[in-house]
Amino acid sequence: MASKTGNSFIDNLGRIYGLFTGGFLLFVVVLAILEQLGLAPKIIGWVFLAATIGLYALIGVISRTSDVAEYYVAGRRVPAVFNGMAVGSDWMSAASFIGMAGSLYALGYDGLAYIMGWTGGYVLVALFLAPYLRKFGQFTIPDFLGARYGGNVARAIGIVAAITASFTYVVAQIKGAGIITSRFLEIPIEYGTWVGVAGILVCSMLGGMRAVTWTQVAQYIVLIIAYLVPIVWLSYRLTGVPIPQLMYGQALAEIAALEPVLGVTKPYAQPFVQMSQANFIGLVFCLMIGTAALPHILMRFYTTPSVREARVSVGWSLFCIFLLYFSAPAYAAFAKLEVYKHVIGQAIANLPAWVTNWGNLGLITIKDDNGDGILQVAELTLNPDAIVLATPEIAGLPYVVAGLVAAGGLSAALSTADGLLLTISNALSHDLYYKMIDPSATTTRRLMVARTLLLIVAAIAAYVASTAPSGILVFVSWAFSIAGAAFFPALVLGIFWPRATKEGAIAGMLVGFGLTLFYVLTTSGFMGLPKYMEPWFGINSIAAGVFGIPAGFLTIIVVSLLTKAPDQEVQALIHSVRYPNLEPERA
Amino acid sequence: MQITSRMREYWQKNLQLTAILLAIWFVVTYVVAFFAVPINQVTFLGFPLAYYIGAQGALVVYVAIIAFYARHMNKLDRDYGVAEEG
């Protein structure tokens, strides 16, 4: 069903989102003026969160649909640029938005593993997956595994791996949304979590992928404005040039000059002082392969109108992500310099106001270990979240900017959670229910099952998020190794190596998924588990895919060569994904 | 549908391009990370060079690789008559 308004909507996307951006900026300016006239910060916080969630809800309701292709793949009408923006906000989570700069602050050069890993993975998406999956043109990633590797076993393993990788990830997003809402609305975190889930569901329940796509585009606009405003302002104040990404080289040089004076033993810009070189390279590798294997990202490339647009769309996706990721190190460097210049070595009674304010919230800890009343480097601890949240205050910006940053962080959490919840509920409703249990189900019934499952999965995730210890957040970084080892070898060999067989893929996915999970559980000490095993070659559990991914490839190749070559039907499928104009031979 | 020799040639060209771009991706990521300590002695725009590459340079190259691939493949599709209709 191409809805009546559908095509004029697609034609006018540029104008609609242009107006949206202008309207949003106007809204921020009006609030800034009201603040100067005496509007209380608490009310600004409420207005910001209510306005943004309300807007996303409105888009969600307008985009409701009863068409299966609209629900699962937004009718395959999403132009490359807008799919790029949707991938950007689908991809950038609360952790990217709020935590990334903090990790760089703590890790210096070694933190760049995250920056490179989470962007370089898109090269693999572009070269190995996006155009071919788009040509295949079904609804989910297990769909491809099911078609290429004949039958339900490969599909079922795909469902399990997709849910394992996505579920812990979505729990972290809901927790992030809960923390932000509770902090700015000053309500208990359990309520904040449920408010967050309501905000997610209202975007995705009625309109599925179609609604999620158009809210994600709006969420991208909000989050990128919110991320760039404070840092551009801070750069202008510190250096006189409003291009932080160029100017923080100067800050790095000043940091390096101050380090020996302050007695810092691990220089900020020096490689491999926080993690070994092997762990750094291993982590980059796992994050890249994992990026190219996370189902909630890959399925977005089913929504473009053509293979051509899918290729271009990966470029726009990475560009949208790049805008945030190449700014994050600037946040970290300016914050570090500010701390070295105006915080360390000062009398503890006399610290800048932002340190005291965030200290009161527990995000900054000061302990005068030697009791001399002067703050030393080792006596200051910053929570990673504090960097982005405190930058508006460091730059001396009005409270409205802090509200903007909160709205941006919330948008990042909600948009990622939307994509993940849809991935999980689609794996259950489309792959498990429709393809494996009841292939004769009617359209109405399929959509009813999809919506019900979405609600159930969201409720379970919210329940886990509101009860789980914060240690569960660590699991997110393992999701990359797990998804990478389970999916990447089977997907890539499925397209590029016609000889890969059903048995090979099944064995390879099981070995990759199993080995990675085993390594994580036995070496990490996660959730109080004993460390059963010494790490192999000193590789940390966060880079577990270093073993799982090659093992997956190797298993598929060896087992495939030992089993019978795939039949004619599979060869035809491979040809049809390789050549954009070839019609697949389907009944 | 029969796969013609011209279509095989298209696929070979695609594989060649993919291999070249992947090699560039490998150099800016892994070769630079492997020699990060010596490379960092060089200063570029005020940044230690390895830091700059990890924080910005590699990212720009990634975007360029993807943009080049999209343009080149979309042209190759047309040259070999395998482009989608419309």
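Name the long-range amide H neighbours of A:Q274: under 5 Å, sequence gap of 5 or more, or other chain; modelled H, no Pro or chain starts.
Amide H neighbours of A:Q274: A:D110.
Of A:I348, A:I495, how do they rank once you tally other Cβ atoms within 10 Å and put the fewest first?
Ranked by crowding around the Cβ, least crowded first: A:I348, A:I495.
For the range A:1-125, what value does the Rg/Rh ratio take when both radii are computed over Cα atoms and Rh is the Kirkwood radius, given to two decimals?
Using Cα coordinates only, the ratio equals 1.05.
Once the principal axes of the Cα atoms of the range A:357-398 are found, what is the range along each, listed largest first in whole angstroms?
Computed over the range A:357-398, the largest-to-smallest principal extents equal 35, 18, 17 Å.
When you have a sec, figure out the Kirkwood radius of the protein assembly as shown from all distinct Cα pair distances and drop it here in Å to one decimal?
Here the Kirkwood hydrodynamic radius works out to 25.7 Å.
First select every other residue whose beta carbon is under 14 angstrom from the beta carbon of A:Y519; then total the charges, Lys and Arg +1, Asp and Glu -1.
Every neighbour counted, the sum reads 0.
Taking the C-alpha atoms of the range A:253-329, how large are the radius of gyration and the largest Cα-Cα span, Dmax, in Å?
Expressed in Å, the Cα Rg and Dmax of the range A:253-329 come to 18.8, 58.
Over the range A:375-483, how many percent of alpha carbon pairs lie in each 5 Å bin up to the one with the longest distance?
2, 9, 11, 15, 15, 13, 11, 8, 6, 4, 3, 2, 1, 0
I need the per residue convex hull volume for chain B, using only the alpha carbons, in cubic angstrom as a whole number.
109 Å³
Need one number: convex hull volume per residue for the range A:332-439, Cα atoms only, in Å³.
137 Å³
From the backbone phi of the range B:45-62, what are the Karplus-calculated ³J(HN,Hα) couplings (6.51 cos²θ - 1.76 cosθ + 1.60, θ = phi - 60°) in whole Hz, Gly and Pro given as x?
For the range B:45-62, the Karplus curve yields 6, x, 9, x, 4, 5, 4, 4, 4, x, 8, 9, x, 4, 5, 4, 4, 4 Hz.
Using a ≥ b ≥ c from the Cα gyration tensor of the range A:104-170 (square roots of the eigenvalues), is it rounded, prolate or oblate, where a/c under 1.5 gives rounded and otherwise the larger of a/b and b/c decides, a/b for prolate?
Oblate, since a/c reaches 1.5 and b/c is not below a/b.
At a Förster distance of 30 Å, what's the computed FRET efficiency of B:F44 paired with B:T18, Cβ-Cβ distance as r, to 0.05?
The formula returns an efficiency of 0.50 here.
Report the Cα-based extents of the range A:133-176 along its three principal axes, largest first, to the nearest Å.
In descending order, the Cα extents are 38, 23, 9 Å.
For the range A:6-77, what ratio Rg/Rh do Cα atoms give with a Kirkwood hydrodynamic radius?
Rg/Rh for the range A:6-77 comes to 1.13.
Could you give the longest part of chain A that holds none of the trypsin sites (Lys or Arg not before Pro) found in DSSP loops with at most 14 neighbouring Cβ atoms within 10 Å?
Formally, the longest exposed-site-free interval is A:5-366.
Largest first and in whole Å, give the semi-axes of the range A:163-271's equivalent ellipsoid, each being the square root of 5 times a Cα gyration tensor eigenvalue.
Semi-axis lengths for the range A:163-271 are 38, 19, 15 Å.
As an exercise, take the mean of 1/r over every pair of distinct alpha carbons in the range A:219-366, invert it, and state the Kirkwood radius in angstroms.
For the range A:219-366, the Kirkwood estimate is 18.7 Å.
State whether the range A:407-549 is rounded, prolate or oblate according to the following rule on the C-alpha gyration tensor (a ≥ b ≥ c being the square roots of its eigenvalues): a/c under 1.5 gives rounded; otherwise a/b larger than b/c gives prolate, and the remaining case gives oblate.
Oblate shape, in that a/c is at least 1.5 and b/c is the bigger or equal ratio.
Would you list the P(r) distribution for the range A:52-197, with all Cα-Cα distances sorted into 10 Å bins from 0 and each bin expressed as a whole %?
9, 25, 37, 24, 6, 0
Using modelled amide H (1.01 Å from N, peptide plane; none on Pro or chain starts), what sits under 5 Å from the amide H of A:I374, excluding residues fewer than 5 places away?
When sequence neighbours closer than 5 places are left aside, the close amide H contacts are A:I348.
Near A:V153, within a Cβ-to-Cβ distance under 14 Å, what is the net charge of the other residues, with Lys and Arg +1 and Asp and Glu -1?
Charge balance in the 14 Å sphere: +2.
Once phi is turned into θ = phi - 60°, what whole-Hz ³J(HN,Hα) does the Karplus curve with 6.51, -1.76 and 1.60 give for every residue of the range A:68-77, x standing for Gly and Pro?
4, 5, 5, 5, 8, 9, 6, x, 6, 10
Read-outs: derived from the displayed coordinates by stated rules, not from any lab. All of these numbers come straight from a predicted model, not from anything done at the bench. FYI the Cβ positions are ideal-geometry reconstructions off the backbone, even for glycines, and counts take in every protein chain you see.
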